[in-house]
Every structure is written in C-alpha cells, then in structure tokens.
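The values are calculated or read from the model by the stated rules, or taken from the named source; none is laboratory data. Predicted, not measured: the structure shown is a model, and the values here were computed from it. Because the Cβ atoms are built from the backbone with ideal geometry, glycine has one as well, and the counts that use them run over all protein chains shown. Each accessible area value is taken on the protein alone, full model and side chains, heavy atoms only, with ligands, DNA and RNA left out. Shrake-Rupley method; radii C 1.70, N 1.55, O 1.52, S 1.80 Å.
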Amino acid sequence: MKGFSRLVYPYVVWMVIMIVIPMLMIVLYAFTTKGNDVLTFQFTLNNFIRFFKDSIFPNVLYRSLVLAIITTVICIMFGYPAAYFISKLNINKQNMIILLITLPMWINMLVRTYAWRGILNGLPLSGEVKVYIGMVYNFLPFMILQIYTSLSKMDQSLITAASDLGANKWQTFYKVVLPLSLPGVISGITLVFLPAVSSFFIPKLLGGGDYVLIGNLIENYFVSTGDWNFGSAISLIMAIIILISMYITKKLDRDNREVTVK
C-alpha cells in the first residue's frame with residue numbers, strides 16, 4: 001500500500017506548482033501595491049476599495065452573475081427534456097446521440113466560438129443575444145450529460161412501483177424521477193455556472209467588445225494595462241464567489257441526498 005501511495009507524489013507536486021503557487025501569487029498581488037520590490041512589499045486594501053468604490057466594477061460583476069444564472073437556467077430548460085428523451089431510447093440510440101452531443105466538444109471551445117462569430121455576424125442581433133447563444137451552445141452539453149447520467153442510472157423498478165401504486169405519469173415524474181435526477185441537475189449547474197460567470201473570450205468574440213463581463217476585466221488588467229495588482233484583486237473576488245457557489249451547490253446536493261434516503 002505504501003508503494004502505491006508514492007504514486008500520489010507527482011500529482012501533489014503538480015498541484016502545488018500549477019494551483020497552489022499561482023493562487024498564492026494572486027493573493028500576494030491583490031494585497032500589495034503596484035511596483036513593489038521583492039523585499040519591500042507594501043500591503044494595502046486599496047485594490048478592493050477601488051473595485052467596490054467605482055460603480056462600474058460592481059455593475060460588471062452583477063452583469064456577469066446575471067448572465068451566468070440565465071445561461072444556467074436556459075441550459076436546464078433545454079438540457080433536462082433532452083436528457084430525459086435520450087434516457088428513454090434503447091441503448092444503441094442513446095450511445096449514438098451522446099456521441100453526437102460530445103462530438104463538437106472534441107473541438108477547442110475557442111475554435112467553436114470563432115465559428116459562431118462567423119454565423120452570427122450577418123444576423124441583426126444585439127451583442128447580448130449573441131453572447132447568450134455562444135454561452136448556451138458551449139455549456140449545454142455539460143448539463144445534458146450530467147442529467148442523462150443520473151437518469152440512466154435510475155432504478156427503473158421504482159417507476160414501475162409508482163405506476164403499480166396508482167401514480168400517473170406526472171406524479172411519477174414529480175415524486176420519483178425528478179428527485180432522483182436532482183444530483184445530475186446540481187452537477188450540471190456547477191459545470192455551467194462556474195465557467196459561464198468567469199468566461200471572457202465568448203463575450204469578447206461574440207459581443208463585439210461592447211458586452212464586457214468580469215472575465216474581460218481580469219484579462220484587460222493582466223494583459224492590456226499591466227495592472228496585475230488590481231487584476232489579482234478582481235480574480236480573488238471571483239474566486240471567493242466561485243467557492244461560495246460550490247459550497248451552496250454541494251450543500252443542496254447533500255440535503256437532496258438526505259431527503260431521498262429518508
């Protein structure tokens with residue numbers, strides 16, 4: 001067993017180099033002023049004060065959260081019926097449709113977004129609508145696959161038992177199918193909301209530069225203006241929001257499992 005435990009070491013080293021150290025650097029930059037020397041750090045809260053003092057930045061954050069929430073809701077509205085329909089097919093057709101859904105995901109998301117840019121450029125749509133189309137297109141498969149996984153693993157004898165006890169199709173769905181599929185819905189929400197709220201190249205490519213989200217601000221301050229301290233502060237704020245979102249979804253999933261068991 002000790003020999004197998006040693007196999008974990010490379011992954012730990014990789015996590016430290018690729019995740020822990022960059023996060024520590026972001027925290028350090030967020031709480032320091034621009035132009036510090038290595039040995040003379042000047043700690044400050046001005047980066048966070050600047051973010052909340054100027055109404056532009058909270059408005060961009062609010063817009064990003066609204067876009068992510070609406071994108072997630074749209075993905076649930078389209079993803080759940082699609083996943084439910086797929087789960088009712090025979091296994092060969094299920095595999096074929098799942099392959100067709102995942103096939104575009106083999107192509108880089110940036111390339112797919114460029115393709116949608118060419119499709120939508122000639123249409124009389126606002127930048128906001130184009131961004132929503134790009135968001136839903138890119139993240140909808142994640143919702144479908146998570147819900148489909150929950151539905152396909154469901155014990156079909158429970159549906160048969162509900163029918164034998166006199167429940168109609170709607171009652172069976174509401175009392176049996178929906179509660180048992182909620183873990184997939186919650187997982188889908190996590191996989192859609194978190195990348196949607198921090199996405200930057202989809203609004204940049206499809207919004208025509210007029211639809212700025214929090215991810216675009218972070219990119220701008222890191223790449224264009226070179227203000228890494230303020231960019232790190234925004235990144236840290238987003239990281240806290242993402243952690244809170246993950247905690248909420250995890251708690252909802254745990255509460256749902258407890259209710260299902262009871």
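Can you confirm whether the stretch 174-196 contains a residue that is part of a helix (DSSP H, G or I), charged (D, E, K, R) and over 24 Å from Ala82 (Cβ atoms)?
No: the stretch 174-196 contains no residue that is part of a helix (DSSP H, G or I), charged (D, E, K, R) and over 24 Å from Ala82 (Cβ atoms).
Starting from residues that are assigned to a helix (DSSP H, G or I) and of a type in the set (Gly, Ala, Ser), keep the ones in the stretch 122-150 and report whichever is surrounded by the most Cβ atoms within 10 Å (Cβ to Cβ).
Gly134
Let me confirm something: among Leu7, Leu45, which residue is more than 12 Å from Ser232 (Cβ to Cβ) and modelled with pLDDT of 85 or more?
That would be Leu45, the only listed residue that is more than 12 Å from Ser232 (Cβ to Cβ) and modelled with pLDDT of 85 or more.
Being within 16 Å of Ile49 (Cβ to Cβ) and open to solvent by 20 Å² or more (accessible area, probe 1.4 Å) is the filter; apply it to the stretch 224-236 and report the residue that is modelled with the lowest pLDDT.
Within the stretch 224-236, the match that is modelled with the lowest pLDDT is Asp227.
Collect the residues in the stretch 98-112 that are part of a helix (DSSP H, G or I) and surrounded by fewer than 13 Cβ atoms within 10 Å (Cβ to Cβ), keeping them in residue-number order.
Residues satisfying the conditions are Leu99, Leu100, Thr102, Leu103, Trp106, Leu110, Val111.
Cβ contacts < 7 Å: first residue open to solvent by 30 Å² or more (accessible area, probe 1.4 Å), restricted to the stretch 165-184; second residue β-branched (Val, Ile, Thr) and assigned to a helix (DSSP H, G or I), any location; separation 6+ or different chain. Result?
Pairs found: Pro179/Thr260; Leu180/Thr260.
One line per residue, one yes/no per condition, for (1) free of Cβ contacts under 8 Å to residues at least 40 places away in the same chain; (2) of a type outside the set (Phe, Trp, Tyr); (3) part of a helix (DSSP H, G or I); (4) out of contact with any Cys (no Cβ under 7 Å at 6 or more places or on another chain):
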| residue | (1), (2), (3), (4) |
| --- | --- |
| Ile202 | no, yes, yes, yes |
| Gly208 | no, yes, no, yes |
| Tyr211 | no, no, no, yes |
| Glu219 | yes, yes, yes, yes |
| Phe222 | yes, no, yes, yes |
| Ile234 | no, yes, yes, yes |
| Met238 | no, yes, yes, yes |
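This table checks each residue for (1) closer than 19 Å to Ile74 by Cβ; (2) modelled with pLDDT of 90 or more.
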{"position": "Leu125", "(1), (2)": "yes, no"}
{"position": "Asn138", "(1), (2)": "yes, yes"}
{"position": "Lys175", "(1), (2)": "no, no"}
{"position": "Leu194", "(1), (2)": "yes, no"}
{"position": "Asp210", "(1), (2)": "no, no"}
{"position": "Phe222", "(1), (2)": "no, no"}
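So which residues in the stretch 193-214 are closer than 16 Å to Thr113 by Cα and either buried (at least 19 other Cβ atoms within 10 Å of the Cβ) or polar (S, T, N, Q) (or both)?
Listed by number, the residues that qualify are Pro195, Ala196, Ser198, Ser199, Ile202, Pro203, Lys204, Leu206, Gly207, Tyr211.
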